Each structure stands twice: as structure tokens, then as C-alpha cells.
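The values are calculated or read from the model by the stated rules, or taken from the named source; none is laboratory data. All values reported here derive from a predicted model rather than from experimental measurement. Neighbour counts are summed over all protein chains in view; Cβ atoms, including those assigned to glycine, are modelled from backbone coordinates with ideal geometry. Areas reflect the complete protein model, heavy atoms only, side chains present, ligands, DNA and RNA absent. Shrake-Rupley method; radii C 1.70, N 1.55, O 1.52, S 1.80 Å.
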Amino acid sequence: MSEEKLYALKNARGNYLSISPDTLFHWHEGQVAATTSQRTAHDLCTQHGGHVVTLIEEPEKVTVSPNEAKAIESLLNADTYADVYDPFRYLFTSMHKEDIKRLIKAIKNGYTVEKEKKYKVKVPHTKDVWYYKSGDSDLLAICPADKELRGKFTEAEIEHYGLQDCEKEEVTEDEQ
């Protein structure tokens, strides 16, 4: 994000001063003639009326993990010190200074939650057999011709089922 400010003229109706290709000035809704010079904006104000406004660039949102998002939400909804301390204690003990700065920036500027990566997991020592989940807890294997029948596992699920040593294939965005 640039630190340089942009200035424009706005009238009482909420329209902005814009400039047409033939260098004529007009008041339009949604069309803006902006300048980085505050002096130029004031000169235009004298000539055409209205008042000078500063255009603010929206800060870029920070992408955070689902765990970081939970911690931030806990912080924003906290009523007590314990509400803040518990979720952040785990995060802060395992984070570098730059990561903490990134979380603070996410709290200030807004954030988006990254999609958790998912994987298709192959049964070891087989040609084309893949794991899938049946219900909430059963782990089964299938040899499908259709790749859509293969299970999609998060890293946490892979660890939960003890599949860390298995061959895995990342699920693409359109497969999710």
C-alpha cells in the first residue's frame, strides 16, 4: 500500500469532480479526477466549488490459517484476560516475531482464512487403492476408476488416522 495520499473534489450532492477526454471538468457520480497534490486540489476547489476530500486506499487483507482465525476471533470477542490468553498462548509460543506482526496487521486491516489443504491418500504397497472416510470415524479403502470417490483428508485427519507415511496427492481447488 502506498503512503502517498490522493485528493479529489466532492460537491454537496456527493458527486466527484471528473475530467473528460477534452479536458473539461464535470461533476459525476462514481467518476473521480484525483491528484497527489493537495495544492492542486485546493486550486480546483476555488475554480469549481465543492470541497477537498482525501481518498483512502483500502489496506490489503492478510491471509491467516484457520487456527489463527480462531485465535483472532477469540481476541475480538473476549470479555476477560483468560479469553485472550488461552488461544494466543499456544500461537505466540510457537511463532516468530514476524508472524506476530502479521497477526497484528490482520487484526488492524482485516483478514481472510486460507483454505485448509486436502489430500487423497494412497494405501501403501498397492497399485491403485486409496483411503476414504465412511461416516465420522471409519477408514476404508477403495479402488475406484472414478477419482472422485477417493477420500479427501486434511493434515490433521492424516495425523489422526496415522497415515503420515503414506503417499498422498494434493486435491486441486476444482476437486474440493
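The set of residues in the range 43-83 that are within 16 Å of Leu17 (Cβ to Cβ), exposed (fewer than 15 other Cβ atoms within 10 Å of the Cβ) and of a type outside the set (A, V, I, L, M) comprises Asp43, Thr46, Gln47, His48, Gly49, His51, Thr54. Here Ser137 passes the criteria (1) open to solvent by 70 Å² or more (accessible area, probe 1.4 Å); (2) closer than 29 Å to Glu60 by Cα except the one numbered (2).
Within the range 138-159, the residues that satisfy the criterion of being more than 21 Å from Pro66 (Cβ to Cβ) and not in a helix (DSSP H, G or I) are Asp138, Leu139, Leu140, Ala141, Ile142, Cys143, Pro144, Ala145, Asp146, Arg150. Of all residues in the range 164-176, those that are at pLDDT 85 or above and farther than 21 Å from Ser65 by Cβ total 4. Restricting attention to the range 99-124 and to residues that are part of a helix (DSSP H, G or I) and either over 20 Å from the mean Cα position of the chain (by Cα) or under 29 Å from Val171 (Cβ atoms) (or both), the residue that is modelled with the highest pLDDT turns out to be Ala106.
Scanning the range 18-31 for any residue that is modelled with pLDDT of 75 or more, surrounded by 11 or more Cβ atoms within 10 Å (Cβ to Cβ) and closer than 30 Å to Lys108 by Cβ turns up nothing.
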